[in-house]
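Right, one structure below, let's go through it.
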Amino acid sequence: MDSLKIEGGVPLKGRITVSGAKNAALPLMAAGLATSGTLQLENVPRLVDTQSMEVLLANHGMEVSRDGLNVSIGGAVTNIDAPYELVRKMRASVLVLGPLLARYGAARVSLPGGCAIGTRPVDLHIRAMQALGAVVELADGYIQARAPGGLKGGRVVFPNVSVGATENAMIAASLAKGTSELVNVAREPEISDLAECLNAMGARITGHGSDTIMIEGVDELGDATHRVIPDRIEAGTWAIAAAITGGDLFLEHARRRHLDALLDVIVSTGATVDVREDGIQVTASGRPRAVDITTDPFPGFPTDLQAQFMALMCVAEGSSRISETVFENRFMHVPELARMGADIQVDGGVALVRGQKSLTPAPVMATDLRASVSLVLAALATEGVSEVSRIYHLDRGYSDLEDKLGSCGARLHRINGKDG
């Protein structure tokens, strides 16, 4: 497996263009299954996950083509099965459940690999389809759903907030007969982006961005062209990169309203944030100050930036309390940061980080997507050479990472084929 060798200790300075949002692109691509026309998506990042979704859509019989950052999705489904060998690569594959069921009346979707129902709640996707009139069974590791008479509008109440389940329900309800009310939904920018795309396709969705979404079902969805929003998690990662290296980065296309919670905290650490029409400038010098955070669904502090922020707190002045409330087992990066000299104590969903003046270079191993980039950030801030292995996780969520960081002064290169 590939690894990254990083010689740290250099402040990052320059301009980084933020790519399209992976977490917006994936549900938008899945929505292509619901259209009777052609969906043209612009600004779709080249990532392992988006490529996996292209393969999955093609498996269903859709005509999928890519030209640079533009992806075209059209045609008709010839296969309602989403097999394990494809779904296991990406948990977001469950997003094909809603559109297949709504448009074709049946779907057979593998449970994501390693997924215990209720942990990252696939059960909420199932409850949403049942609330819309589907009959759903779990058998042989598959979600088997059918709605031979079509889905019917209904009231879907989510017991807890789920971005993916909200997205699946939105797509499905767009083609259901009658009016649907989705209660306690996610409010992330990616939800609004999906709603705007579905409305461009002919859906009738209101209330997105609030905790209740109303959807009046239509008979079919048609042609549309839609541009994917910038990736707020990528932008937030580079903002933290500026802060942890004492750098000065302009994040082209980054949107303040998508990053309020993070940027407020970044300012509290001592960095300067300058919001401009075309992006955000983050400037830092000296050692950051320790700040406590608690992750929460949007508009709270994103769980997908918790690992990166923890890396920053490892070199901060003072102690920081980091509380993870969204996902359990999201401190897998802690042992690896400790290999670099970080002082972190974990008690359940809370990590106490005692900042050090500096970390020490070490070989470390990525365990998941956001954990992997937290190790890159820690290495960038550390004098000496560190090596991050199993970086295939990075390729799932960060487009052109080496080029983007390298253009801003980072000294890093990929080593191909190294065992992880």
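The values are calculated or read from the model by the stated rules, or taken from the named source; none is laboratory data. What you are looking at is a predicted structure, and each value in this text was computed from that prediction instead of being measured. When we count neighbours, we look across all protein chains shown, and the Cβ atoms used for this are built from the backbone with ideal geometry, even at glycine.
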### Task
Would you tally the residues in segment 262-312 being more than 21 Å from Lys22 (Cβ to Cβ) and touching a Pro at 6+ places or on another chain (Cβ under 8 Å)?
4
## Note on the structure
If we ask which residues in segment 288-307 are in a loop (DSSP other than H, G, I, E, B) and among the β-branched types (Val, Ile, Thr), their number turns out to be 1
### Task
Restrict the check to segment 63-74 and report whether at least one residue is at pLDDT 95 or above, in contact with a helix residue (DSSP H, G or I) (Cβ under 9 Å, 6 or more places away or on another chain) and not in a strand (DSSP E or B).
no
### Message
Checking the structure you have, find out if any residue of segment 128-147 is polar (S, T, N, Q), over 19 Å from Leu26 (Cα atoms) and modelled with pLDDT of 95 or more.
### Response
yes
## Note on the structure
Per the list (1) out of contact with any Asp or Glu (no Cβ under 8 Å at 6 or more places or on another chain); (2) more than 24 Å from Gly222 (Cα to Cα); (3) not in a helix (DSSP H, G or I), residue check on Ile16 breaks on (1)
### Message
From the list Ile344, Ile322, exactly one residue is surrounded by fewer than 23 Cβ atoms within 10 Å (Cβ to Cβ), free of Cβ contacts under 8 Å to residues at least 40 places away in the same chain and of a type in the set (A, V, I, L, M, F, W, C). Which is it?
### Response
Ile344
### Message
Suppose the filter is surrounded by fewer than 18 Cβ atoms within 10 Å (Cβ to Cβ) and free of Cβ contacts under 8 Å to residues at least 40 places away in the same chain; does Asp67 pass it?
### Response
yes
### Query
Looking at (1) free of Cβ contacts under 8 Å to residues at least 60 places away in the same chain; (2) within 24 Å of Leu39 (Cβ to Cβ), which is the one condition that is false for Ala176?
(1)
### Message
Can you go through Arg103, Arg146, Arg46 and tell me which one is surrounded by 19 or more Cβ atoms within 10 Å (Cβ to Cβ), touching a residue at least 40 places away in the same chain (Cβ under 8 Å) and either charged (D, E, K, R) or not assigned by TED's automatic domain parsing to the domain that holds Glu220 (or both)?
### Response
Arg103
### Query
Any chance segment 226-235 includes a residue that's touching a Cys at 6+ places or on another chain (Cβ under 7 Å) and surrounded by fewer than 24 Cβ atoms within 10 Å (Cβ to Cβ)?
yes
### Task
Scan Glu234, Glu190, Glu216, Glu220 and give me the residue that is under 23 Å from the mean Cα position of the chain (by Cα), acidic (Asp, Glu) and not assigned by TED's automatic domain parsing to the domain that holds Asp260.
Glu190
### Task
Can you run down the residue pairs with Cβ atoms below 9 Å, 6 or more apart or on separate chains, where the first is in segment 121-139 and charged (D, E, K, R) and the partner is surrounded by 21 or more Cβ atoms within 10 Å (Cβ to Cβ)?
Asp123/Ala165; Arg127/Val156; Arg127/Ala165; Glu137/Ile143; Glu137/Ala145
### Task
Collect the residues in segment 388-420 that are surrounded by fewer than 19 Cβ atoms within 10 Å (Cβ to Cβ) and small (Gly, Ala, Ser), keeping them in residue-number order.
Gly406, Ser407, Gly409, Gly417, Gly420
### Task
Could you run through segment 387-420 and say how many residues are closer than 19 Å to Pro361 by Cβ and among the acidic types (Asp, Glu)?
2
#### Entry: Residues of segment 353-390 satisfying the condition of being under 25 Å from the mean Cα position of the chain (by Cα) and not aliphatic (A, V, I, L, M)
Thr367, Asp368, Arg370, Ser372, Ser374, Glu387, Ser389, Arg390
### Query
Taking the condition assigned to a loop (DSSP other than H, G, I, E, B) and buried (at least 16 other Cβ atoms within 10 Å of the Cβ), does Gly270 pass?
yes
### Query
Which one is farthest from Val267 (Cα to Cα), of the residues in segment 218-249 that are outside any strand (DSSP E or B) and among the β-branched types (Val, Ile, Thr)?
Val218
